[in-house]
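The values are calculated or read from the model by the stated rules, or taken from the named source; none is laboratory data. These numbers were taken from a predicted model, which means no experiment stands behind them. For neighbour counting, all protein chains shown are included, and Cβ atoms are generated from backbone atoms with ideal geometry for every residue, glycine included. The area values use the complete protein model at the heavy-atom level, side chains included, leaving out ligands, DNA and RNA. Shrake-Rupley method; radii C 1.70, N 1.55, O 1.52, S 1.80 Å.
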Amino acid sequence: LRALSPDRPLAGRRALVTAGPTHEPIDPVRYIANRSSGTQGYAIAEALAAAGADVTLVSGPTTLPDPAGVHTIRVETARDMLEACRHALPCDIAVCTAAVADWHVAPAAQKIKKTADAPPPALHLVPNPDILAILGRPGPARPGLVIGFAAETEHVLAHATTKRARKGCDWIVANDVSPGTGIMGGAENEVTVIDATGCEHWPRLDKAQVAHRLVARIATFLQTPPN
Ligand code: CTP
Ligand code: CA
C-alpha cells in the first residue's frame, strides 16, 4: 500500500512532462518552431514535484530556469525530445505540453545564401514523430495517465475532443490561444479539461494555479481505484 500524505499525494509516482517549443534547423542559423514560452509546462512539472512525484521535464529551448526539484533535460528537435521521453519511461503520468514542430527539414550544412537572381529556397517538410500519440499507444510501457494539451484558435472544444481520441490520451487540456486572448506568452490560462466523461471548464487563472489544479485532479484520479 502506498503511504498517502495529504501534502505529497504523488509520492512514489514517476512523471514525465514535455514543454517549450522544438527547434528544427534549416541551416546552422535558421530554424522552424512553434510559439511557446514553456511557462505552463514548467509550472506543471514544478507542481508535480511539489506533490511528491519524481519528475523528468523534457524541454525544448526556453529562457526559463530549470524548475526546483525537477530533473530537466534540454533538447532542441522533436526527434531529440522523443528520444529523451523514451529514456524517461516507465512512468505513471505523462503530461505533454510541448509545442512540438510538426515538421522538420534536412538541414543544410552551411548557411543558405540569399541570391538576387535565384528563387527563394523551397523547404521540403518531413513530418515529425507525434510524441503524445506514441506515449498514448496501448502497450506495457504506456503511462497509466496520459495527458495532452490542445492549443486552438477556433472550434476549440471540437478540435480538442477529436485530438484526444486521435492521440489516445486520457485527458486533453484545451485552450483558446487566439491573439486577442493574451494567453500565448501571458501569465494566465483559461482551459477546459476533456476526458472520456465530458468537459470541465476552469476559470481564467494564473498558469501556476492551473498547474496546481491539474495536479490535484491527477492525484484524485490516481487515488480512486478504477471500478
Ligand atoms: N504533440 C506531440 N508531438 C507532436 C505534436 C504534438 O507530442 N509531434 C502533442 C503536444 O505536446 C500536445 C498535443 O500533442 O500535447 C497537441 O498538439 P497540437 O499541435 O495541438 O496537435 P497536432 O496533432 O499537431 O495538430 P495541429 O497542430 O494540426 O492542430
Ligand atoms: Ca501541431
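Quick test of your reading of the structure: PRO127 fulfils all but one of (1) closer than 24 Å to VAL75 by Cβ; (2) crowded, with 18+ Cβ neighbours inside 10 Å. Name the failing condition by number.
(2)
For (1) surrounded by fewer than 17 Cβ atoms within 10 Å (Cβ to Cβ); (2) of a type in the set (Gly, Ala, Ser); (3) within 16 Å of ligand 2 (Cβ to nearest atom), each residue gets a yes or a no:
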{"site": "HIS23", "(1), (2), (3)": "no, no, yes"}
{"site": "ARG30", "(1), (2), (3)": "yes, no, no"}
{"site": "SER36", "(1), (2), (3)": "no, yes, yes"}
{"site": "ALA43", "(1), (2), (3)": "no, yes, no"}
{"site": "GLU46", "(1), (2), (3)": "no, no, no"}
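Kindly provide the set of residues from the range 86-104 that are within 16 Å of ligand 2 (Cβ to nearest atom), in contact with a Leu (Cβ under 7 Å, 6 or more places away or on another chain) and not aromatic (Phe, Trp, Tyr), ordered by number.
If the condition is that a residue be within 16 Å of ligand 2 (Cβ to nearest atom), in contact with a Leu (Cβ under 7 Å, 6 or more places away or on another chain) and not aromatic (Phe, Trp, Tyr), then CYS96 is the only one that fits.
Could you list, ordered by first residue, the pairs with Cβ atoms under 7 Å in which the first is in the range 146-164 and among the basic types (Lys, Arg) and the second is buried (at least 18 other Cβ atoms within 10 Å of the Cβ), at least 6 apart or interchain?
Pairs that qualify, where the first residue is among the basic types (Lys, Arg) and the partner is buried (at least 18 other Cβ atoms within 10 Å of the Cβ), are LYS163/GLY148; LYS163/ALA150; LYS163/ILE172; ARG164/GLY148; ARG164/ILE172; ARG164/ILE194.
Check every one of the strands (runs of 3 or more DSSP E) wholly within the range 144-227 and list those with 3 or more residues that are at pLDDT 95 or above and open to solvent by 40 Å² or more (accessible area, probe 1.4 Å).
198-201
Return only the number of the condition from (1) of a type outside the set (Phe, Trp, Tyr); (2) within 14 Å of ligand 2 (Cβ to nearest atom); (3) part of a loop (DSSP other than H, G, I, E, B) that LYS111 does not satisfy.
Looking at each condition in turn, LYS111 falls short on (2).
Residues of the range 12-21 being outside any strand (DSSP E or B) and either away from ligand 2 (no atom under 16 Å from the Cβ) or in contact with a His (Cβ under 9 Å, 6 or more places away or on another chain) (or both), which ones?
Answer for the range 12-21, where residues must be outside any strand (DSSP E or B) and either away from ligand 2 (no atom under 16 Å from the Cβ) or in contact with a His (Cβ under 9 Å, 6 or more places away or on another chain) (or both): GLY12, ARG13.
Among the residues of the range 83-123, what is the count of those that are more than 16 Å from ligand 1 (Cβ to nearest atom) and more than 23 Å from ALA51 (Cα to Cα)?
18
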